[in-house]
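Everything below concerns the one structure shown next.
The values are calculated or read from the model by the stated rules, or taken from the named source; none is laboratory data. Every value quoted in this text rests on a predicted model; they were computed, and no experiment measured them. Cβ: placed from backbone, ideal geometry, glycine included. Neighbour counts: every protein chain shown. Quick note on the areas: whole protein, heavy atoms, side chains included, nothing else; ligands and nucleic acids left out. Shrake-Rupley method; radii C 1.70, N 1.55, O 1.52, S 1.80 Å.
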Amino acid sequence: MRAVTFQAPLEIRVDERPDPVLGGRDEAVVSIEASGICGSDLHIYHGRVKMEPGFTIGHEFVGTVIAAGDDVSRVEVGDRVLGCYHSACGTCFFCLRGVYHKCDRMRVFGHGELLGSLQGTQAEQTLVPMANMTLRRVPDSVPDDVALFAGDVMGTGYHAIAEGGVMPGDSVAVVGLGPVGLCAVQVAIAGGAGPVFAIDSVPARLDVARSFGATPIHLTEESPRDAVRASTGRRGVDASIDAVGHPDDLDLAIRLARKAGTVVAIGVYAERCQVHMGLVWIKALTLKSGHANVIGHVDRVLGMLAAGTLDPTPLVTHHLPLDDAAQAYEIYDRREALKIVLTP
């Protein structure tokens, strides 16, 4: 089969790899029909996240089950499915408490030895461990481009808003309008939050946020702090989301939050980061972080996608064949695309 493999920073290629085969009773093999390029894939692409040369990358996918172990009961051969970006056993200490992203046996597709040595999904086929937890059937009414978001990007946006404790009528600021940030904007608005401030420096992304019903704020041409304070009685927002994963954006998120508010750092951090704990402490902020508990949210998110309550289709700007993956990464790295879907 063909697969997108990491070779070195800024170098990927499409290689021939052996077809995956079942190795356990809880596993499935999926023939992939659509796979996304995610912002976290760029961290691998740039070498921020350690990766072994030759490892298959990618962690978002929709496809058809072509083989399933004897213990797989939630899906069967022939089902169109989506995959969550991580696996979970469902029975360990953490899974029994609903924090599936901290499962003792959790593995992440396409992130190498660091996160479980699970080959990625930018490929023609993929092996799925713990398939009862990792896969979900996709309703016929939900197209691949929409279903693709449930297993990571929309699930991560949903997680950010849920972790922020956002209630109807709460104010929210989202710093960074990549796909995750824009999904967080859409989830917040769908849940009745308002105002929702969307902060970035790319005009096209600000326009998308505006079309969702958010208040766009240009990061450098305006003062986000002044704009937010002017619209919130000078308090700041109830929940502030760092959807970038950079110290400057986390600092801004902290400064935008009201006293006793919540800051959620959902962007990827791979290095040390200085946090102004004086601000966090004096404002009595709750600071939450980490990758998203997508398995905990996927059924609800998929239901909202199927109902049209959430609609990520405006975020898909490019469709490219798997063989053009190197070009796709270059386009994404130049911020010329919001979401690229690869098809084998």
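Taking every protein chain into account, the accessible area of segment 248-327 amounts to 50 square angstrom per residue (probe 1.4 Å).
Sorting 74-82, 238-246 by their mean Cβ neighbour count within 10 Å, with the most densely packed peptide first, gives 238-246, 74-82.
Rounded to the nearest percent, how much of the accessible area of the chain (1.4 Å probe, protein heavy atoms only) is carbon and sulfur? Provide the component values of the computation, followed by the final result.
Details: 7130 of 14120 Å².
Ligands and nucleic acids excluded, carbon and sulfur give 51 percent.
State, as an integer percentage, the relative contact order of segment 160-297 based on alpha-carbon contacts under 8 Å between residues 6 or more apart. Before the final figure, lay out each step's value.
Working: 289 pairs, mean separation 31.7, N = 138.
Across segment 160-297, relative contact order equals 23 percent.
By how many nm would the segment from Lys50 to Arg107 lengthen if fully extended, with 0.36 nm per residue of separation less the alpha-carbon distance? That works out to 19.0 nm of additional length. Surface analysis of segment 134-177 yields an accessible area of 28 Å² per residue, using protein heavy atoms and a 1.4 Å probe. Hey, what angle do you get for helix 294-307 against the long axis of the chain, alpha-carbon based, 0 to 90 degrees rounded to 10? With rounding to tens, the tilt is 80 degrees.
What is the distance in Å between the Cα centroid of segment 301-344 and that of segment 174-203? Here the two parts' Cα centres lie 18 Å apart.
If I take R0 = 45 Å and measure r between the Cβ atoms of Thr343 and Arg235 in this structure, what FRET efficiency does the formula 1/(1 + (r/R0)^6) give, to the nearest 0.05?
After rounding to 0.05, the efficiency reads 0.45.
Pulled fully out, how much extra length does the chain show between Thr286 and Glu336, if you take 0.36 nm times their separation in residues and subtract their Cα-Cα distance? The partial results should precede the final answer.
On the way: separation 50, 0.36 × 50 = 18.00 nm, distance 3.46 nm.
Gain on extension, Thr286 to Glu336, equals 14.5 nm.
Extension gain for Thr91 to Val275 (0.36 nm times residue separation, less C-alpha to C-alpha distance): 62.7 nm. Between segment 36-109 and segment 221-276, the alpha-carbon centres lie 30 Å apart.
Let me check I've understood the local charge: for Pro321, count other residues with C-beta under 12 angstrom from its C-beta, Lys and Arg +1, Asp and Glu -1. What total comes out?
Within the 12 Å Cβ shell, the charges total -2.
Rank-order 288-301, 152-165, 87-100 by packing density, defined as the average count of other C-beta atoms within 10 Å over each peptide's residues, highest first. Could the numbers behind the result be given before it?
Working: 288-301: 20.0, 152-165: 26.0, 87-100: 16.9.
Going by the mean number of other Cβ atoms within 10 Å, highest first, we get 152-165, 288-301, 87-100.
Dividing the summed helix terms, -39500 (n - 2.57) for each DSSP H run of n ≥ 4, by the number of residues in the chain produces a 222 nm estimate of -8000 deg cm²/dmol to the nearest 500.
Placing a label point 7 Å from the Cα of Ser201 along the Cα-to-Cβ line, the residues of segment 215-237 whose backbone N sits under 14 Å from it are 218-224. Between the helical axis of 179-190 and the longest alpha-carbon principal axis of the chain there is an angle of about 60 degrees.
Take each of the peptides 59-72, 310-323, 102-115, average the number of other beta-carbon atoms within 10 Å over its residues, and list them starting from the highest.
59-72, 102-115, 310-323
Note on the chain: with a GNM built from Cα contacts shorter than 10 Å, the maximum mean-square fluctuation among Arg334, Arg13, Arg235 falls on Arg334.
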